[in-house]
Amino acid sequence: MNVSKQPAARPVARGTQRSSARKAELIAIGRSLFADRSYDALSMDDIARQAQVAKGLIYYYFHSKRGYYLAIIEDSVAGLVTYAASGAELPPVERVQRTIDSYLRYAEHNQAAYRAIVSGGVGFDAEVHAVRDGVREAIVATIAEGAYGRTDVAPVARMALLAWVCSVEGAALAWIDRGELPRETMCALLVKTLGGTMRAIEELDPAHPAPAPARRDA
């Protein structure tokens with residue numbers, strides 16, 4: 001009887017899965033640590049002690065504290081952009097509202113990750129700022145596509161939407177810190193301020209008319 005078997009790949013796959021799970025666990029721990037303290041305030045010894053792992057394990061996966069921090073930021077960014085961009089099947093105006101609500105849901109349920117994205121405490125770090133700027137551009141593109149049906153908007157529209165997104169970052173941070181408003185109210189408030197932004201865009205560039213529902217509700 002021929003009992004030869006195909007090369008066993010499962011142990012490798014299981015090892016890869018365990019490695020990925022361990023890396024994801026370290027990133028989740030890091031989000032919480034860096035959400036409460038600045039980048040400079042935490043040493044690798046501090047991180048290893050609070051994560052209850054050997055410092056060498058962090059170096060193994062991320063090579064340095066900076067590499068670890070950037071992995072945390074990039075993972076957080078991916079989650080936020082994916083969450084906010086959901087609902088592509090909806091009509092344009094509903095998609096805009098869904099984007100804002102999804103953005104707030106992410107900030108509410110992933111507070112450490114959200115803080116790491118918008119106020120990580122690294123200071124003037126060009127690479128981290130580039131990651132954060134990428135999030136802003138992605139949200140601007142999502143809003144533009146929902147409002148105007150395209151992402152290639154004129155400079156006035158793009159800058160106005162970018163300014164609105166930057167204001168949303170600060171408002172969302174204050175909202176999750178204070179806990180004074182329900183998410184539905186906060187979402188309605190941001191939808192209305194977006195309506196005002198779109199009316200201003202229309203005044204300066206009639207080629208970008210504000211969606212009719214935004215004019216009525218804002």
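Among the numbered conditions (1) closer than 28 Å to Leu70 by Cα; (2) assigned to a helix (DSSP H, G or I), the only one that Val191 does not meet is (1). Residues in the range 17-41 that are at pLDDT 80 or above and in contact with a Phe, Trp or Tyr (Cβ under 7 Å, 6 or more places away or on another chain): how many? Qualifying residue count, the range 17-41: 3.
The values are calculated or read from the model by the stated rules, or taken from the named source; none is laboratory data. Predicted model, so just to flag it, every value in this text is computed and none were measured. When we count neighbours, we look across all protein chains shown, and the Cβ atoms used for this are built from the backbone with ideal geometry, even at glycine.
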